[in-house]
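Structure, as structure tokens:
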Amino acid sequence: MAVSTVAITSAPARTPPVRNPWPRRKRKAKEAFRYAVIVVLCLVVLFPVYWMVLSTFQPEKYTLTYPPPFWLHGFNTNAISSLFNQQPVASWLFHSFIVSAVTVVVTVVLAIPGAYLLSRLRFRGSGAFAFLLLFTQLMPGAMIIVPELEWFRTLHWTNNLFALGLVYAAFNVPLGCWILKSSFDTVPNEVVDAGYVDGCTQLGSIRRILLPLSRSGLVAVVIVAFFGSWNDYLFASAFLTNRSLYTAGLGIATFISQQNVQLYQLMAAGVVFSLLPVLLYVSVQRHVARGLTAGALK
Amino acid sequence: MQTNLHRKLLVPILLFEGAFVIYPIVRGIILAFQQTNFGKTSWVGLANFRQMIHDPIFWASIRTTFEFTFAMVVVWLSLGLGVALLTNWAFKGRSFVRGILAIPWAIPDVPTVLTFTIMLDPNFGILNRIASWIPGVHHQIQWLTAPNLAFIAIIMMVAWKGFPFYSLVILSSLQAIPDELYEAARVDGAGTIQRFRSITWPSIVPTLSLLAVLAFIFSFQQFTLIYLATGGGPGQDTSTIAILIYNQAFQYFNYNYASSMAVVGLLLAVIGTILFVVFERRVIRQRYLQGGLG
């Protein structure tokens, strides 16, 4: 209400009231202050990332001393090389990659019909369908970890990377549907109708019209599914008991409690594991930011 | 037009989600009313729930859950709002700064825990070096094992990892406010604070309340960061329901007892989902009104 009254009462332009005597200088000072706060904020936010990278390449004699130095005192790549030589990190990363690939493919394949249902079709039970998706997305994984594990034991699907990817997909399909739905929503009805006139079926209109116009939405779905799978520890820790089948997240987490893993190796593992998601994020950030926030709020 | 197209599209999703989500939920609810002893499963009615309401550890964990989710709602929303207001003006390098500020979101949970554990280490952690600059602070603060401090350390870590999402969403809702409103208010002689109170705040309240619901749900889902940093300790200080269920199931192998706690967690998740739907409608209505004005 407050919003609309301001808009209406002030519609006719009036002469601005007298401002302070040196507005320019004051504004400059204000801007400088804002810049300073932003720089400090960026430094604070980036500090943990900086610290992870620093601890990886810091020569060993500096990493376990107090006070820890703020700057790099040399450049030591021993952490990375010894990590790959002494631990099966390479194969763990490969497993994470396979699981993520399964998750991404299944999520995209199921999110497309789901998004179409939410965006273009009205049918009995559509409200229930939407609620089901939403609930699946918002439910904590820990709430079904026990029955899910029992179910997978019955099926002999534990220690199976493909099956693990399917579980991640089940948790990522709902968000994928919402993201893609908001992309589909932006395609005008006239465009789709024109397709029908040209002899397109409804299914054909998804493939020929909606999907090509929803590329950034598709990219966002891929990213979300990839991150969801790459990031998980909970399900991997319950479903994978064979160390040679570990995903990277699970394997690296077990380093925490192992005495023979050096601190700098731990940090190196962190850097290596973060590399792919960060690179992905940086390369698609522009396209995805919109799709992600839109998807989260439908 | 094919009228049964929706069935063809629904079947694969429902089968898939049914097999991997709905069926386990049903099975979990059944487990909550059973007990397994030496491989024999029997129905025990409400026995698990009776044990639960007399279990101080359960209540401690419920309390921790609410303290934690409440703290995260407050911290995430204020951080998100602060950062959004700070970056909501046309300055050089704006998109670069926004990209930088969203990086924590791209760092996976496990490396986040590793890094914070190292930074918070009582003997050689960098945070204790920084803390020692404050007069009166001795440098061996036991961040992750001291009562209360562990809770605060967890909040710091979870806040760092999660805030980019909130600032991005709040920023986009700030940018949806038509510039003419601010112009008009300025012409009317409204100061910065007055403009914030009568224009900015009412325009973003619906988004903020929706984000509050989401912050509740996301902190309620939080598992990896807490579990790997403290395992729920010291005592039950950081043991939210998710952690408690996991420990009951995989440390003590009380599958049935863990399932009865999961039923409580599921109910909370249902409430969260309903709240989300309600608050989301409000946001949509607000957007619609703004669209009409602009």
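The values are calculated or read from the model by the stated rules, or taken from the named source; none is laboratory data. Since the model is a prediction, treat every value here as computed from it, not as a measurement. Please note: Cβ atoms are built from the backbone with ideal geometry, for glycine as well, and neighbour counts cover all protein chains shown. SASA here: full protein model, heavy atoms, side chains in, ligands and nucleic acids out. Shrake-Rupley method; radii C 1.70, N 1.55, O 1.52, S 1.80 Å.
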Inset, instruction - Take the Cα gyration tensor of the range A:65-143, multiply each eigenvalue by 5, square-root it, and list the three semi-axes largest first, rounded to whole angstrom. - result: 47, 18, 12
Inset, instruction - On the protein heavy atoms, probe 1.4 angstrom, tell me the percent of accessible surface of the range B:55-293 carried by carbon and sulfur. - result: 66
Legend entry - Test item: Cα-centred dipole of the protein assembly as shown, Lys/Arg +1 and Asp/Glu -1 on Cβ, debye: 1620
Inset, instruction - Determine the total buried accessible area between chain A and chain B, counting protein heavy atoms only with a 1.4 Å probe; round to the nearest 100 Å². - result: 9400
Legend entry - Inter-chain Cβ neighbour average for residues A:85-96, partner chain, 10 Å: 0
Inset, instruction - Rounded to the nearest 0.05, what FRET efficiency do B:Gln251 and B:Thr192 give with R0 = 41 Å and r taken as the Cβ-Cβ distance? Could you check? - result: 0.15
Legend entry - Förster radius 45 Å - calculated FRET efficiency between A:Glu190 and A:Ser257, Cβ distance, rounded to 0.05: 0.15
Legend entry - Share of Cα-Cα pairs in chain B lying beyond 33 Å, as whole percent: 42
Legend entry - Residues with amide H under 5 Å from that of B:Gln34, placed H, sequence gap 5 or more: B:Val44
Inset, instruction - Could you provide, to the nearest whole Å², the per residue accessible area of the range A:84-296 with probe 1.4 Å? - result: 39
Inset, instruction - Name the most mobile residue of A:Phe94, A:Phe273, A:Phe135, meaning the one with the largest mean-square fluctuation, in a Gaussian network model of chain A with Cα contacts below 10 Å. - result: A:Phe135
Inset, instruction - For helix B:201-221, report the angle its Cα long axis makes with the longest principal axis of the Cα atoms of chain B; keep it between 0 and 90° and round to the nearest 10°. - result: 20
Legend entry - Projected area averaged over orientations for the protein assembly as shown, convex hull of C-alpha atoms, nm²: 32.4
Legend entry - Rel. contact order, % - alpha carbon contacts under 8 angstrom, at least six apart, chain B: 28
Legend entry - Tail weight of P(r) past 22 Å, computed on alpha-carbon pairs of the range B:27-161, percent: 62
Inset, instruction - Only helical DSSP H runs with n ≥ 4 go in: add -39500 (n - 2.57) per run for the protein assembly as shown, normalise by residue count and round the 222 nm mean residue ellipticity to 500 deg cm²/dmol. - result: -23000 deg cm²/dmol
Legend entry - Karplus-derived HN-Hα couplings along the range B:20-31 (A = 6.51, B = -1.76, C = 1.60, θ = phi - 60°), whole Hz, x at Gly and Pro: 9, 10, 5, 4, x, 4, 4, 4, x, 5, 4, 4
Legend entry - 16 Å Cα-Cα reach of B:Lys40 towards aspartates and glutamates, excluding residues that sit fewer than 8 places from it in its own chain: A:Glu150
Inset, instruction - Normalising by the residue count of chain A, find the relative contact order in percent from Cα pairs under 8 Å and 6+ residues apart. - result: 27
Legend entry - Near-label residues of the range B:91-115 by backbone N, under 18 Å of a point 7 Å along Cα→Cβ of A:Tyr35: B:91-98
Inset, instruction - Would you kindly work out the equivalent ellipsoid of the range A:84-296 from its C-alpha gyration tensor and give its semi-axes, the square roots of five times the eigenvalues, largest first in whole Å? - result: 37, 20, 13
Inset, instruction - Take B:Ile57, project a point 7 Å from its Cα along the Cβ direction, then tell me which residues of the range A:141-166 have their backbone nitrogen under 19 Å from it. - result: A:142-147
Legend entry - Cα→Cβ-extended label distance, 7 Å offset, between B:Arg50 and B:Glu180, nm: 6.9
Legend entry - Cross-link partners of B:Lys8 among lysines (Cα-Cα below 22 Å; sequence separation of 8 or more within a chain): A:Lys181
Inset, instruction - Treat each spin label as a single point 7 Å out from the Cα along the C-beta direction, and report the A:Ala128 to A:Val278 distance in nm. - result: 4.8
Inset, instruction - Would you please put A:176-182, B:83-89 in order of how densely packed they are, using the mean number of other Cβ atoms within 10 angstrom per residue and starting with the highest? - result: A:176-182, B:83-89
Inset, instruction - Could you tell me the distance between the Cα centroids of the range B:268-289 and the range B:111-150, to the nearest Å? - result: 39
Inset, instruction - Output the relative contact order of the range A:130-287, whole-number percent, from Cα pairs under 8 angstrom with separation of 6+ residues. - result: 27
Legend entry - Alpha-carbon centroids, the range A:137-216 and the range A:247-273: separation in whole Å: 33
Inset, instruction - Quote the charge dipole size of the range B:55-293 about the Cα centre in Debye, to the nearest 20; the model charges only the Cβ of Lys and Arg (+1) and of Asp and Glu (-1). - result: 520
Inset, instruction - Report the label-to-label distance for B:Lys92 and B:Ile30 in nanometres (one decimal), using points 7 Å from each Cα along the Cα→Cβ vector. - result: 6.7
Inset, instruction - Provide the descending list of Cα extents for the range A:23-76 along its principal axes, expressed in whole angstroms. - result: 55, 18, 16
